[in-house]
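Where a number appears in this text, it was derived from the coordinates with a stated rule and is not lab data. Predicted, not measured: the structure shown is a model, and the values here were computed from it. Backbone-built Cβ (ideal geometry, glycine too); neighbour counts: all protein chains shown.
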Amino acid sequence: MSTPPTWHTTPYPLITTPKFTTPAPHDPFTLAATDMALVHNVIIRGLNSIHHQAPYISSLPTAEKLTFIKYCLFWFGFLHAHHTSEEEVMFPKISAAVGVPEVMEVNVTQHADFTPPLLEFKTYLDSLLADPDTFDSNKLISLIEAFAPTLTQHLHDEIPTLLNLRQHGDKIDILRISNEEGEHSMKSMSMTGETCWFMANLDLTYEGGIHKDFPPAPGVIKWWIRSVAWKWNGVCWRWGSCSKDGNPKALSIREL
Ligand SMILES: [Fe+2]
């Protein structure tokens, strides 16, 4: 089986999915936690792609700097949509199903822990839109490093939290809730922005290709995203870690 490129797994490691390691890969809790791990891995790959390429952006022409700044903002937009959807749809439904209001509380607390430095990152990127030539690689990386350890730990921790819901058994239809969260999240994103950003960091060869059909959307929708929506902000997707067809690709700027 092929190993992910180092720029997918550093500085922040990817999550091994439960489906890849469990002897019961079709258990609903395994499947829901696996879907969550795959989404989290897209977020981590995207963050790694920003961290690896940021040091080389300052010397680029203004228009190219702007495409990188927008790419970073799409990363933020995707993460924000994901966490908002969890807090507004997924976590309340899980709490209601199991009858334990605080069952997902640790995840909400973790969201709150990294939000202030994450918003500083967003504020800095917003400020660069008007004047991309003031882009400062060191500043961007220091802003990332202020929230990334806490964020990525949270992204890893949420997977066993979902698996542990198995103790509540039939009280919770975890796959239905997981799918509702996914649909809510997708609808809150721009098809030509965050959705394409997601595709630009989705590695369908991961773990030997066992997730090649992810996400569970109709084929015609995936075709439309890759063939039509992709072009709208197409100049931004060069910074992604994967091709639009889900294969790992070399970063647009590689360290020498
Ligand atoms: Fe999540």
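Could you please state, rounded to a whole Å, how far the C-alpha centre of the stretch 179-238 is from the C-alpha centre of the stretch 80-106? Each part reduced to its Cα centre gives a spacing of 24 Å.
Apply the a/c threshold of 1.5 to the C-alpha gyration tensor of the stretch 83-226 and tell me whether it is rounded, prolate or oblate. Because a/c hits 1.5 or more and a/b fails to exceed b/c, the stretch 83-226 counts as oblate. Annotation note: GluC sites (Glu not before Pro) in the stretch 168-256 located in DSSP loop regions with a Cβ neighbour count of at most 10 within 10 Å are GLU255.
Positive contributions from Lys and Arg (+1) and negative ones from Asp and Glu (-1), summed over other residues with Cβ under 12 Å from the Cβ of VAL103, come out at 0. Computed over the chain, the per-residue total of -39500 (n - 2.57) for DSSP H runs of n ≥ 4 gives a 222 nm mean residue ellipticity of -18500 deg cm²/dmol, rounded to 500. Annotation: lysines with alpha-carbon distance below 23 angstrom to LYS139 (same-chain offsets under eight excluded): LYS65, LYS70, LYS122.
Taking a straight line from the alpha carbon of LYS212, these lysines sit under 20 Å away, with near neighbours fewer than eight places off in the same chain left out: LYS19, LYS222, LYS244, LYS249.
Taking the Cα centre of the chain as origin and charging only Cβ (+1 Lys, Arg; -1 Asp, Glu), how large is the dipole, in debye to the nearest 20? Please list the in-between numbers first.
Numbers: 19 positive and 28 negative charges, 187 e Å.
Here the size comes out at about 900 debye.
Could you list VAL39, VAL228 in order of exposure, starting from the residue whose Cβ has the fewest other Cβ atoms within 10 Å?
On the way: VAL39 22, VAL228 11.
Fewest to most other Cβ atoms nearby, the residues stand as VAL228, VAL39.
How do TYR71, TYR56 rank when sorted from fewest to most other Cβ atoms within 10 Å of their own Cβ? It would help to have the intermediate numbers written out before the result.
On the way: TYR71 24, TYR56 16.
Final ranking by Cβ density, sparse to dense: TYR56, TYR71.
By the count of neighbouring beta-carbon atoms within 10 Å, fewest first, LYS212, LYS122 end up ordered LYS212, LYS122.
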